[in-house]
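J.: First, the structure itself, so that you have it in front of you.
The values are calculated or read from the model by the stated rules, or taken from the named source; none is laboratory data. Every value quoted in this text rests on a predicted model; they were computed, and no experiment measured them. FYI the Cβ positions are ideal-geometry reconstructions off the backbone, even for glycines, and counts take in every protein chain you see. The accessibility values were calculated without ligands, DNA or RNA, using every heavy atom of the protein model including side chains. Shrake-Rupley method; radii C 1.70, N 1.55, O 1.52, S 1.80 Å.
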Amino acid sequence: MIGFRTVSKDRAGSRVRRLAGAGMVLPLAVGALMAAGAGTSAASPGTGPTAVVSMGDSYISGEAGRWKGNSLTNTGNRTGTDRGWVSGSSYDPGKVYGTTAGGCHRSDSAEVRSAGPIADVAVNLACSGATSQNVFRASNGGVAFKGEAPQADQLAAVAASHDVKVIALSIGGNDLGFADIIKDCAYDFIIWNSYCHDDQQYGVDQKIDAVMGAVGKSVDEIRAVMRGAGYADSSYRIVLQSYPSPIPRGAENRYTQSDWSRLNTGGCPFWNRDSDWARDSLVPQIANRIKGVAAAKGVQFLDLRDMLQGREVCAKASKHVTASAPASAKTSEWARWIDNNESQGLIQESMHPNYFGQLAAGRCLALVVAQPAASGFGCKNTAGADQTGTFLTPAP
């Protein structure tokens, strides 16, 4: 069984401490051309293979794409959930993340790869753990990350060799400290028997103006690169997206908060009050602010706050994968739990959309790109359906 079942309170605390240092969130060169047909000759805007590009952090890079739901079975293919399984007790994350395994975690199911035929080529420049500074051009304050040049500088090479039509951007979560928020809230459940939402809300309020300024600068940096490559602003679109909640409201959690089942079985060690705050205050606050940035910068907004509704870790409407309940986008969770022992993969995968969630995010991207570029939409899922049941709603 997974390590949750045998972990003691003291040991759990020490393990959850690793959340902050693992690049968990909330996860080249242009060797990241991730689809067939990538051309190598120089192209001017409107020529060469068309491209859709993803930029930003772990929520769009494909972090947790290794997992098809969550299973307590800790051996073999983990009841069919582990896409990195080779045979016996042999696992190769590279089957999913390629050469970025253990680093940027650009999965084969990442949003830009799952969106379908938006363009001839899908290029994933996003990197798990990236902040806005890792998007900016090096000439304007950008910082290299995990051995790669800033993402805007990588974009320049793509823009020169492809006809870029769509750039999807997810950024700001790491600037805001998602990993620390999750770590601290888990601590308060496991160790301190206290709530996190009041202190964490204060911290978010102190940071959020500066973070949104950095998100806006990320958009400006992308525009500058594209203009420098000869693109008119109207010749392509930028889709700026918000974040989904990986945990449900307290009343929608299938495990009681009065014992250790949320930690030991579910992998969602959070109090009801903190869960409600995250789902109904923090995630909407960030989404609304990102929506404001999108409007100010004249780019398209994709609101993902409700994308995982009913599919979150520990949600009553979903279930663990077992021998009698096979992995399925219709019944399994769409987000990765906190595997605090790292008995299944790396902890940096925790609290991210998994394989099923990424298929859904790709579907959301495809749907919004089919709409006018100046529009904004939310994306939700249909209860009991797979990713094809996702649909657009007016942005809140």
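J.: Collect the residues in the range 115-135 that are open to solvent by 10 Å² or more (accessible area, probe 1.4 Å) and either of a type outside the set (A, V, I, L, M) or assigned to a helix (DSSP H, G or I) (or both), keeping them in residue-number order.
T.: Gly116, Pro117, Asp120, Gly129, Thr131, Gln133, Asn134
J.: So, one more: Need pairs with beta-carbon distance below 6 Å; first residue assigned to a loop (DSSP other than H, G, I, E, B) and within the range 96-114, second open to solvent by 30 Å² or more (accessible area, probe 1.4 Å); sequence gap 6+ or separate chains.
T.: That search, which allows pairs on different chains as well, returns Ala101/Pro93; Gly103/Lys146; Cys104/Lys146; Ser109/Tyr355.
J.: Filter the range 339-372 down to residues that are open to solvent by 30 Å² or more (accessible area, probe 1.4 Å), within 18 Å of Ala168 (Cα to Cα) and touching a helix residue (DSSP H, G or I) at 6+ places or on another chain (Cβ under 8 Å), then give me how many there are.
T.: So the count comes out to 2.
J.: Looking at this structure, is Arg336 open to solvent by less than 30 Å² (accessible area, probe 1.4 Å), more than 20 Å from Ser128 (Cβ to Cβ) and among the charged types (D, E, K, R)? Steps first, answer last, please.
T.: Numbers: open to solvent by less than 30 Å² (accessible area, probe 1.4 Å): yes; more than 20 Å from Ser128 (Cβ to Cβ): no; among the charged types (D, E, K, R): yes.
No.
J.: OK, next. Picking from Lys95, Lys68, which residue would you name as being buried (at least 24 other Cβ atoms within 10 Å of the Cβ), under 23 Å from the mean Cα position of the chain (by Cα) and either of a type in the set (Lys, Arg) or at pLDDT 95 or above (or both)?
T.: So the residue among Lys95, Lys68 that is buried (at least 24 other Cβ atoms within 10 Å of the Cβ), under 23 Å from the mean Cα position of the chain (by Cα) and either of a type in the set (Lys, Arg) or at pLDDT 95 or above (or both) is Lys68.
J.: I'd like to check something: does the range 245-255 contain any residue that is farther than 27 Å from Asn193 by Cβ, open to solvent by less than 30 Å² (accessible area, probe 1.4 Å) and under 20 Å from the mean Cα position of the chain (by Cα)?
T.: no
J.: Additional query: Among the residues of the range 314-324, is there at least one that is open to solvent by less than 10 Å² (accessible area, probe 1.4 Å), touching a His at 6+ places or on another chain (Cβ under 6 Å) and either outside any loop (DSSP other than H, G, I, E, B) or not aromatic (Phe, Trp, Tyr) (or both)?
T.: Within the range 314-324, the first condition is being open to solvent by less than 10 Å² (accessible area, probe 1.4 Å), and the residues that meet it are 314-315, 318, 321.
Right, trim to touching a His at 6+ places or on another chain (Cβ under 6 Å) and you get none.
Scanning the range 314-324 turns up no residue that is open to solvent by less than 10 Å² (accessible area, probe 1.4 Å), touching a His at 6+ places or on another chain (Cβ under 6 Å) and either outside any loop (DSSP other than H, G, I, E, B) or not aromatic (Phe, Trp, Tyr) (or both).
J.: Then there's this: Tell me the residue from Gly173, Gly203 that is touching a helix residue (DSSP H, G or I) at 6+ places or on another chain (Cβ under 9 Å) and under 22 Å from Gln358 (Cβ atoms), please.
T.: Testing whether each residue is touching a helix residue (DSSP H, G or I) at 6+ places or on another chain (Cβ under 9 Å) and under 22 Å from Gln358 (Cβ atoms) leaves just Gly173.
J.: Listed residues Ala64, Ala138; which is among the aliphatic types (A, V, I, L, M) and on the phi > 0 side of the Ramachandran plot?
T.: Ala64
J.: Hey, another quick one. Select from the range 269-297 the residues that are open to solvent by 10 Å² or more (accessible area, probe 1.4 Å) and out of contact with any helix residue (DSSP H, G or I) (no Cβ under 8 Å at 6 or more places or on another chain) and write down the one among them that is farthest from Ile338 (Cα to Cα).
T.: Ala295
J.: Restricting to helices (runs of 4 or more DSSP H) lying wholly in the range 141-201: which have 1 or more residues that are open to solvent by 10 Å² or more (accessible area, probe 1.4 Å) and over 30 Å from Asp339 (Cβ atoms)?
T.: Correct list: 151-161.
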